[in-house]
Amino acid sequence: MKIAIIGSRGYPYVYSGYETFVKELSERLALLGFEITVYCHKNLFETRPKLVNNINLKYFPAIETKSLSQLTHTFQAMLHACFCDYDIIFVVNSANGPFGFFSKATGKKTAINVDGQEWLRPKWKGLGAKYFRWASWIATKLYDVIITDSSEMQKIYEKEFGAQSTMIAYGANVRYSTNPGLIKKWDLQPGEYYLIVGRLVPDNNAHVIVREFLSSRSKKRMVVVGDVTYSDTYAQELKSLNDPRLIFTGYVKNQEMLAELYHNAFAYCHGHEFGGTNPTLLKALAYGCAVCALDTVFSREVLKDGEFGIFFTKEPGNLSSLLHKIEERPENIARLKDISRSRIAENYTWEKIADQYRALFEKMTKNGRR
């Protein structure tokens, strides 16, 4: 079976959630005998091999700006793919919803993995928010199969757009600490810091977590991993906070160092608000973290209503009070660390995710259009 994958930056360019998803899925599908082609952003690759790890690669240019990068690339990639002999065109990112016009017109079978509630994210104000909501809606009309990555997002697509979707979660790879000394780069000691990982944007709520931490009596430190790639007032104001307990690392590109920051944290604080199954939250569990998460339906689904984590709200004083309690009862944190990886084994392994996509694609090729 021939599958084209469109909508990420490419393979093996691992940059964020979608790129990791494409890498993990395409490699496993290739091992299962699928003929996989991934469409890549040409200007992100210095060398452009046609085949890597038995995955075919095609390169198309893009206007590399925040708003136009993905749209200009997917426009070209979809046009090309519609006139190739792929059995299925698999698209990621709901922003690419409108390009289903091409596949529908040419009779190609398609599936799209939609993102979270992008239209609610503060960075897409005004026209951007309207575009994302429209793109998500039109995707439900143009693609044969809509894939949501959580049962809660599945409910949202049914309520918002009257659309049925197939739920297949995101995945993670379980990992254990191998070199804890790497955290000494930031003068850190195992178990003596909280960790935040993510882009410094309002909907990830690092400002709420940092504010509450600074108002607490904690003697531990708070490590904030992440940044934004553009000039931004929100990120600048956050990084300008002056407190010896705060450490802003920026992006940590060395994956071994990043892993050790997870492994050795006292607790991982998760503030992401509008996504479905969040990759960073899964990684924290897979790396053995005790998780303290913003109370959303998405976090509750992953953490099984508190069985695998602790919840906080954005109400002033809520998280700072929670930090006092968990530091007074460190045995609860130790228990969460002991069981965190079992949640991944239970529901979020890449092997399980790949097998669900295999079954879906095989079903799609046997059935006609929706």
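What follows draws every value from the coordinates through simple rules; no lab data is involved. What you see is a predicted model; the values in this text were computed from it and never measured. Counting neighbours? That spans all protein chains shown, and the Cβs are built from the backbone with ideal geometry, glycine included.
Compared with the rule-of-thumb size 2.2 N^0.38 Å for a compact globular protein, the chain has a Cα radius of gyration ratio of 1.00.
Largest first and in whole Å, the equivalent-ellipsoid semi-axes of the stretch 71-151 read 23, 14, 10, each the square root of five times a Cα gyration tensor eigenvalue.
Size of the stretch 22-140 from its Cα atoms: along the principal axes, largest to smallest, the extents are 43, 34, 24 Å.
When the chymotrypsin sites (Phe, Trp or Tyr not before Pro) in the stretch 202-296 are filtered for DSSP coil states and for at most 16 other beta-carbon atoms within 10 Å of their beta-carbon, the remaining sites are Tyr230, Tyr251.
If the limit is 20 Å between Cα atoms, which of Lys283/Lys314; Lys253/Lys337; Lys220/Lys337; Lys123/Lys155; Lys58/Lys363; Lys42/Lys352 go over it? In this structure, Lys283/Lys314; Lys253/Lys337; Lys123/Lys155; Lys58/Lys363; Lys42/Lys352 exceed 20 Å between Cα atoms.
Label sites at Lys184 and Leu79, each approximated as a point 7 angstrom past Cα along Cα to Cβ, lie 5.6 nm apart.
Put simply, the amide H of Ser165, placed in the peptide plane, has no neighbours under 5 Å, leaving out anything fewer than 5 places away on its chain. A straight line joining the Cα centroids of the stretch 127-181 and the stretch 97-111 runs 18 Å.
Normalised by the number of residues in the stretch 180-347, the mean separation of alpha-carbon contacts (under 8 Å, six or more apart) gives a relative contact order of 25 percent. Taking H as built 1.01 Å from N, whose amide H comes closer than 5 Å to the amide H of Cys40, not counting residues under 5 places away? So Cys40 has HN proximity to Lys58, Tyr59, Phe60.
Scanning residues 5 or more positions from Val91 or on other chains, those with amide H under 5 Å from its amide H are Ile6, Ala111, Ile112, Asn113, with H placed 1.01 Å from N in the peptide plane.
Shown here are the Rg and Dmax of the Cα trace of the stretch 180-347, at 14.7, 42 Å. Can you check what the net charge comes to around His272, using other residues whose Cβ is under 14 Å from the Cβ of His272 (Lys, Arg +1; Asp, Glu -1)? Charge balance near His272 sits at -2.
Computed over neighbours whose Cβ is under 14 Å from that of Ala81, the net charge equals +2, Lys and Arg +1, Asp and Glu -1.
Fraction of C-alpha pairs exceeding 17 angstrom in the stretch 119-207: 69 percent, rounded to a whole number. Stretched out straight at 0.36 nm per residue, the stretch from Ala334 to Lys239 would grow longer than its current Cα-Cα span by 31.2 nm.
Most mobile of Ala206, Ala30, Ala354 per a Gaussian network model of the chain (Cα springs, under 10 Å)? Maximum among the listed residues: Ala30. Among the GluC sites (Glu not before Pro) found in the stretch 185-284, those both in a DSSP coil and sparsely packed, with 14 or fewer other Cβ atoms within 10 Å of their Cβ, are Glu192.
Multiplying the residue separation of Asn173 and Lys304 by 0.36 nm and removing their Cα-Cα distance gives an extension gain of 45.3 nm. Going from the fewest other Cβ atoms within 10 Å to the most, the residues Phe83, Phe298 appear in the order Phe83, Phe298.
So if the hydrodynamic radius of the stretch 34-95 is defined as the Kirkwood radius over C-alpha pairs, what does Stokes-Einstein give as its diffusion coefficient at 25 °C and 0.890 mPa s, in µm² per second? This corresponds to a translational diffusion coefficient of 196 µm²/s. Distance distribution note for the stretch 15-60: the fraction of Cα pairs above 12 angstrom is 62%. Taking every DSSP beta bridge with both residues inside the chain, roughly what % is antiparallel (nearest 5)? Once the DSSP bridges in the chain are tallied, antiparallel ones form about 5 percent. Each semi-axis of the equivalent ellipsoid for the stretch 279-370 is √(5λ) with λ an eigenvalue of the Cα gyration tensor; in descending order they amount to 35, 16, 8 Å.
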